[in-house]
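The values are calculated or read from the model by the stated rules, or taken from the named source; none is laboratory data. Predicted model, so just to flag it, every value in this text is computed and none were measured. Please note: Cβ atoms are built from the backbone with ideal geometry, for glycine as well, and neighbour counts cover all protein chains shown.
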Amino acid sequence: MNLNERIPNNVNLSEDKRLQRALEKWLPNFLAWWHDMGPEGFQEKDVWLRTAVDVGSEGWAHFDYVKMPEYRWGIFLEPAEPDARVGFGDNYGAPAYQEVPGEFRNALRRIIVTQGDTEPASVEQQRQLGHTCPSLYDLRNLFQVNVEEGRHLWAMVYLLHGYFGRDGRDEADALLERRSGNPDKPRILEAFNQPCDDWLNFYAFTMFTDRDGKYQLSALAESGFEPLARTCRFMLTEEAHHMFVGDTGLSRVVKRTAQLMKENEDVRELGGIPLEIIQKYINFWFSYSLDLFGGEISSNSADFFAAGLKGRFKEQEQYTDHVATEGSFKLMVIDGGKLVPREVPLRNALNEILRGEYVKDCEKGLARWNRVLADEGLPQRLYLPSVRFHRHVGEYAAHYFDLEGNLISKEESAAEQSEWLPNVADREYVRSLMKPVTEPGKIANWIAPPASGIKGKPFEFEYVRL
Ligand SMILES: [Fe+2]
Ligand SMILES: [Fe+2]
């Protein structure tokens, strides 16, 4: 692991002068992007961040004050496995690809660019949040997530520069040129063009949208293209913290709301966030995040699997048949204006199978939050809407469903929109609560403090020196 180079790395960058030069040329563009589009107003502050010092499981043990632009952006891959093999698909058992196979070049580049584009996008979406943090602890977590997403961009850019030549370099440049929510040059996936301008959005985003990242990265960590698999395995270690921030963040909001509800049914009177609004934010981010998995019936998913590029979640652990040419999967489609079951070949349903794993994982979060409600003695419960609700990609796009997944008319759907999804008044109300709390040990009134601090430090610790 070479941490002292201009670009810290464990890929022997200094031995590949061409790649090193290309990345050193990209570095100032990245820093300019970070300066323009990274967290606004805190670039000079000391933030208590964890930094990679090693790719082993202990590699994350290093915590210290760092100014974000000086964060150790770099290229860290999990060590190579000796005799790695393609773990699934038509080339199952063949030696893993160490270079990009010509026939899969476009597919692979598309996978990497699509993943890469999400990383800077989320930083852009979250860039104003520091100004309204509910505590220094939360502010620090926001910045930790932001710098790691910046490093994830590095991870994908390394693959583009290292393995795709000229068009890879062009794609790497374009990753710094698109902008979240920009009508002329938007980010590729819609969830990453949605505004994330209050902390309830932030927690829901890191709970649901970063969790999509976990499943995409897990599927790519199985890839027969070794450099991609090793890159994604290391990224997954960082992603866990992002989901922790979202899951516990929402849990703390739920807890505070429950406490306030016992004082007054109408928590607005006390400056809390009503459960109905929390539910609407869940509906919004869960449904947009479901879209990120792609169409339910997908020839792309079949092609990526056949090629050995993108596997299933825990492909090696969970499955014995890694070829998956037999068998089918039953899912619900719209036919003749009705929801009907359809059997599709297994390989064509892999997006839906990955989405199913994701939904199961999200349900665990809901169970945790509902336990908080139960512990506070309240009968109300939060839930996930049907996977058909509010979809913009796949079989259910262009149709309308209620929260339970029943097919309804466009008019019926329109009439309920502001009951099911955050409306302007909800968003304005939540924004009205977002007043910065930056005194160590203090917390905003609409959220409960965390159960513990970061890495053994108390909640009162000065996580960011303002
Ligand atoms: Fe990421
Ligand atoms: Fe993330």
*Selected residue [more than 16 Å from ligand 1 (Cβ to nearest atom) and touching a Leu at 6+ places or on another chain (Cβ under 7 Å)] from 177, 171*: 171
_Subset of region 196-237 [within 11 Å of ligand 2 (Cβ to nearest atom) and under 22 Å from residue 109 (Cβ atoms)]_ = 212, 213, 216, 217, 235, 236
*Might you check whether a residue that is within 16 Å of ligand 2 (Cβ to nearest atom), at pLDDT below 95, touching a helix residue (DSSP H, G or I) at 6+ places or on another chain (Cβ under 6 Å) and assigned to a loop (DSSP other than H, G, I, E, B) occurs anywhere in region 72-92?*
yes
*Restricting the search to region 111-165, which residues are in a loop (DSSP other than H, G, I, E, B), closer than 30 Å to residue 458 by Cβ and either charged (D, E, K, R) or more than 13 Å from ligand 1 (Cβ to nearest atom) (or both)?*
127, 128, 133, 134, 135
*Restricting to region 166-192, what's the tally of residues that are outside any helix (DSSP H, G or I) and surrounded by 13 or more Cβ atoms within 10 Å (Cβ to Cβ)?*
9
*Give just the number: which of (1) in contact (Cβ under 8 Å) with a residue 60 or more places away in the chain; (2) within 15 Å of ligand 2 (Cβ to nearest atom) does residue 240 not satisfy?*
(1)
*Among the residues of region 361-381, how many are under 11 Å from residue 251 (Cα atoms) and not polar (S, T, N, Q)?*
8
*Look at residue 200 and say whether it is within 16 Å of ligand 1 (Cβ to nearest atom) and part of a helix (DSSP H, G or I).*
no
*Only one residue in 50, 105, 109 is in contact (Cβ under 8 Å) with a residue 40 or more places away in the chain, among the charged types (D, E, K, R) and touching a Leu at 6+ places or on another chain (Cβ under 8 Å). Which one?*
109
_Filtered residue count, region 208-226, keeping only those that are touching a Cys at 6+ places or on another chain (Cβ under 8 Å) and either assigned to a helix (DSSP H, G or I) or under 30 Å from residue 426 (Cα atoms) (or both)_ = 6
*Search result, residues across region 367-408 that are surrounded by 15 or more Cβ atoms within 10 Å (Cβ to Cβ), out of contact with any helix residue (DSSP H, G or I) (no Cβ under 8 Å at 6 or more places or on another chain) and in a helix (DSSP H, G or I)*: 370
*Answer yes if at least one residue in region 223-232 is within 11 Å of ligand 1 (Cβ to nearest atom) and under 11 Å from the mean Cα position of the chain (by Cα), and no otherwise.*
no
*State all residues of region 204-222 that are under 15 Å from residue 279 (Cα atoms) and either over 11 Å from the mean Cα position of the chain (by Cα) or within 16 Å of ligand 1 (Cβ to nearest atom) (or both); if no residue qualifies, say none.*
205, 207, 208
*Among the numbered criteria (1) closer than 30 Å to residue 170 by Cβ; (2) in a helix (DSSP H, G or I); (3) of a type outside the set (Gly, Ala, Ser), which single criterion is violated by residue 100?*
(2)
*asked:* Against the condition over 15 Å from residue 234 (Cβ atoms), under 14 Å from the mean Cα position of the chain (by Cα) and more than 12 Å from ligand 2 (Cβ to nearest atom), how does residue 114 come out, does it pass?
replied: yes
*What are the residues in region 57-96 that are closer than 16 Å to residue 231 by Cβ and surrounded by fewer than 14 Cβ atoms within 10 Å (Cβ to Cβ), if any?*
79, 80, 81
*Restricting the search to region 419-435, which residues are part of a loop (DSSP other than H, G, I, E, B), surrounded by 15 or more Cβ atoms within 10 Å (Cβ to Cβ) and not aliphatic (A, V, I, L, M)?*
422
_Please go through region 382-437 and give me each residue that is farther than 22 Å from residue 267 by Cβ, among the small types (Gly, Ala, Ser) and modelled with pLDDT of 95 or more, ordered by number._
386, 394, 397, 405, 409, 413, 414, 415
_Filter result for the condition that a residue is more than 16 Å from ligand 1 (Cβ to nearest atom), in a loop (DSSP other than H, G, I, E, B), surrounded by 22 or more Cβ atoms within 10 Å (Cβ to Cβ) and not acidic (Asp, Glu), over 295, 272, 249_ = 272
*Would you check which residues across region 11-63 are out of contact with any Lys or Arg (no Cβ under 8 Å at 6 or more places or on another chain), under 13 Å from residue 147 (Cβ atoms) and not in a helix (DSSP H, G or I) and list them?*
42
*So is residue 129 surrounded by 22 or more Cβ atoms within 10 Å (Cβ to Cβ), hydrophobic (A, V, I, L, M, F, W, C), at pLDDT 95 or above and farther than 27 Å from residue 1 by Cα or not?*
yes
*What residue, among those in region 233-245 that are more than 10 Å from ligand 1 (Cβ to nearest atom) and touching a helix residue (DSSP H, G or I) at 6+ places or on another chain (Cβ under 6 Å), is farthest from residue 387 (Cα to Cα)?*
233
